[in-house]
Amino acid sequence: MPRDLLHESVLTRRHFVGASTGILAVGCAGQKWKTRSVKTRDGVAELDLKDIPELASPGGMLAVKPDGAAKPVLVMRLEHDTFRVMSLKCTHMGCTVRWDNDEQVLRCPCHGSRFGDDGRVLDGPAKRGLAVYQSQLNGTKLLFKPES
Ligand code: FES
């Protein structure tokens, strides 16, 4: 897979805001953390995008829990049919980070680390960014291999 599939697309703040009604379930403070279960085969998760309205357009995002994965991952649709798949496991002590729709960041509820929508650390105590996994779009199927 070409490296730029994951790294050259730009997800703008405007896109996230524009898609906010579809992603509220992902992580507004105080709301229940909803995830969709995803089957894996040989460690590879497969999402059929035609069944996932949250990922129908750029800016959409959805938390999913692949079979066998310790933590959910966040799938974001970027521009030009590209996607970002990112671990929601905080790199400080392993809590599950959540999307803060007001601030447009990922926030850890345990000790307050904040991460950008590309996983980079904005505020500690976490020192490393969130893990980003390679993904491959195959027709309407998005394939990715989360850490187990
Ligand atoms: S576990 Fe996330 S900031 Fe400590």
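For the stretch 52-148, what is the number of Lys pairs with C-alpha distance below 17 angstrom, counting only pairs 8 or more positions apart or on separate chains?
Total qualifying Lys-Lys pairs in the stretch 52-148 comes to 7.
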Legend entry - Rough spin-label spacing in nm, given labels placed 7 Å along Cα→Cβ, for residue 100 and residue 136: 3.7 nm
Inset, instruction - Take the Cα atoms of the stretch 58-135, find their three principal axes, and give me the spread along each one in whole Å, biggest first. - result: 34, 30, 19
Legend entry - residue 113 - accessible surface, heavy atoms, 1.4 Å probe, Å² rounded to 10: 0 Å²
Legend entry - Relative contact order computed over the stretch 65-148 (Cα-Cα under 8 Å; 6+ residues apart), in percent: 25 percent
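The values are calculated or read from the model by the stated rules, or taken from the named source; none is laboratory data. Only a predicted model underlies this, so the values are computations on that prediction, with no experimental measurement involved. Every residue, glycine among them, receives a Cβ derived from its backbone with ideal geometry; neighbour counts consider all protein chains shown. The protein model used for the area step is the full one, side chains on, heavy atoms only, and it has no ligands, DNA or RNA in it. Shrake-Rupley method; radii C 1.70, N 1.55, O 1.52, S 1.80 Å.
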